[in-house]
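First comes the structure, then the notes that go with it.
The values are calculated or read from the model by the stated rules, or taken from the named source; none is laboratory data. Please read these numbers as outputs of a predicted model, since none were measured by experiment. Reconstructed Cβ throughout: ideal geometry from the backbone, glycine too, with neighbour counts over all protein chains shown.
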Amino acid sequence: MLERPEFHSALRTLIALLAILNPIGAIPIFIALTADQTPQERLATAKMAARAVAIVLLVAAFLGEYILQFFGISIASFQVAGGMVIMLLAFSMLQARSSGYRHTPEEAAEGMQKDAVGVVPLAIPLLAGPGTMVTVIIAHHRSATWLGSVLLVADILVIAGVAYFALRLSGPLSRRLGVAGINISTRIFGLVLAAIAVTFIARGLSALFPGLGQLPGGG
């Protein structure tokens, strides 16, 4: 049963989402945004962020392709563009710094003045940003069976759960890992992301220009 291609695809999607989400890297921002909150309020903010991540990614996964079709954008073109966006994020992560496309200083400053920081900027665009949306849209396009769709939903729920526990345990994790530990994990995720971005771009170009040949295992 575990040899079915849907499970392998779901595992790859889960790893990609985990790398892009980078929950460890979001911890310092969460701590800064919730500095004036009580422990109970921080817990509520973490729950709100996780729910928002799940909702945004589910909507993107199941409606994103229809939106692309409405604007006449092919999946192949979207793969190339999405791969370039993910590559930009990977470069930033390899330098252990936050990418401006995920959240700008203005968004972070505005978020600190809001009660619902769990939604903006934590869930959107910090956690459920362009990179994660690109990944779930492409994953849904490639899931040709009902099992693939179910596993994609499971991936999204798992990622939302990971985000929740990372934010909930932000204090202990931050003290245990320190700046060096967080930067190391960010760089590792960035390296994985760079490889994922290259794969997205290569598959998109292969579909746009068949003469380039098909990437092994692509689709």
Checking Ser170 against (1) modelled with pLDDT of 95 or more; (2) hydroxyl-bearing (Ser, Thr, Tyr); (3) in contact with a Phe, Trp or Tyr (Cβ under 8 Å, 6 or more places away or on another chain): exactly one of these is not met. Which one?
(1)
Close pairs (7 angstrom Cβ cut-off, 6 or more residues apart or separate chains): in contact (Cβ under 8 Å) with a residue 60 or more places away in the chain in the stretch 44-67, of a type in the set (D, E, K, R) and crowded, with 16+ Cβ neighbours inside 10 Å anywhere:
Ala46/Arg168
Filter result for the condition that a residue is in contact (Cβ under 8 Å) with a residue 12 or more places away in the chain and in contact with a His (Cβ under 6 Å, 6 or more places away or on another chain), over Pro121, Pro130
Pro121
How do the helices (runs of 4 or more DSSP H) wholly within the stretch 1-84 filter down when requiring 3 or more residues that are under 17 Å from Leu152 (Cβ atoms) and modelled with pLDDT of 90 or more: which remain?
5-21, 39-70
From the list Phe200, Phe189, which residue is aromatic (Phe, Trp, Tyr) and at pLDDT below 85?
Phe189
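Going by the conditions given, is Val192 under 25 Å from Arg4 (Cα atoms), of a type in the set (A, V, I, L, M), within 14 Å of the chain's Cα centre (by Cα) and part of a helix (DSSP H, G or I)? Give the derivation first.
Details: under 25 Å from Arg4 (Cα atoms): yes; of a type in the set (A, V, I, L, M): yes; within 14 Å of the chain's Cα centre (by Cα): yes; part of a helix (DSSP H, G or I): yes.
In short, yes.
In the stretch 13-43, what count of residues is obtained for those that are surrounded by fewer than 17 Cβ atoms within 10 Å (Cβ to Cβ) and closer than 22 Å to Gly83 by Cα? Steps first, please.
Our first condition is that a residue be surrounded by fewer than 17 Cβ atoms within 10 Å (Cβ to Cβ); within the stretch 13-43, this holds for 15, 28, 31-32, 35-41, 43.
Restricting the remaining residues to those that are closer than 22 Å to Gly83 by Cα gives 15.
Result for the stretch 13-43: 1.
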Could you tell me which numbered condition Gly178 fails, if it satisfies all but one of (1) touching a helix residue (DSSP H, G or I) at 6+ places or on another chain (Cβ under 7 Å); (2) at positive phi; (3) not charged (D, E, K, R)?
(1)
Kindly provide the set of residues from the stretch 101-150 that are at pLDDT below 90, of a type in the set (S, T, N, Q) and under 28 Å from His8 (Cβ atoms), ordered by number.
Ser143, Thr145
Report, by residue number, each residue of the stretch 119-172 that is surrounded by fewer than 18 Cβ atoms within 10 Å (Cβ to Cβ) and of a type in the set (Phe, Trp, Tyr).
Trp146, Phe165
Restricting to the stretch 133-167, count the residues that are free of Cβ contacts under 8 Å to residues at least 40 places away in the same chain and in a loop (DSSP other than H, G, I, E, B).
1
